[in-house]
Amino acid sequence: MESRIPLPTDNIFKFYAFFGLLLIIFGIGSTLYVNQSTNSLVFDIAVEYETLKIDPVRSGSDETRFLILDRKLEIAKKNKTFFLICLSIIIGLGFLLVWYGFKKWHTEIQPLQDEIARLSLKKLQQEVDEHERKLKELKGS
């Protein structure tokens, strides 16, 4: 099965740049998802947690429920912090790959490709001129 998405495989630096861009997009999307899912969890338990928190005389089951909700909030905060740090590293790596890939591509590879294209055009122009000169000679004789 052939992929319909063309991948930049003609040079490694272009691949680095586009892979870095993919990491950035993934990282931003994942950051939004982590924030949304953590907020959703917090909002789901906030009312019950606050109700139990202001109750000075909690029963044993209410106290257990309060401690579990408190622990859930604590874990959610730690998880969010951990995930955001990991995603920040991924996004940073993405920016580094984009910068390195495009820099190398633009400063090393692209000038060579431009020179090759210029020389190919010059060669083709010479061949056309030679062909036209031969046609004129044939018509003139």
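What the table shows:
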quantity: Flag for T64 being among the polar types (S, T, N, Q), crowded, with 16+ Cβ neighbours inside 10 Å and free of Cβ contacts under 8 Å to residues at least 60 places away in the same chain; calculated: no
quantity: Failed item, numbered, when L84 is tested on (1) free of Cβ contacts under 8 Å to residues at least 12 places away in the same chain; (2) assigned to a helix (DSSP H, G or I); calculated: (1)
quantity: Odd one out for I45 among (1) touching a residue at least 60 places away in the same chain (Cβ under 8 Å); (2) surrounded by 14 or more Cβ atoms within 10 Å (Cβ to Cβ); calculated: (1)
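Every number in this text was worked out from the coordinates using simple rules, so none of it is lab data. Computed from a predicted structure; not experimentally measured. No Cβ is skipped: glycine too gets one built from the backbone with ideal geometry, and neighbour counts run over all protein chains shown.
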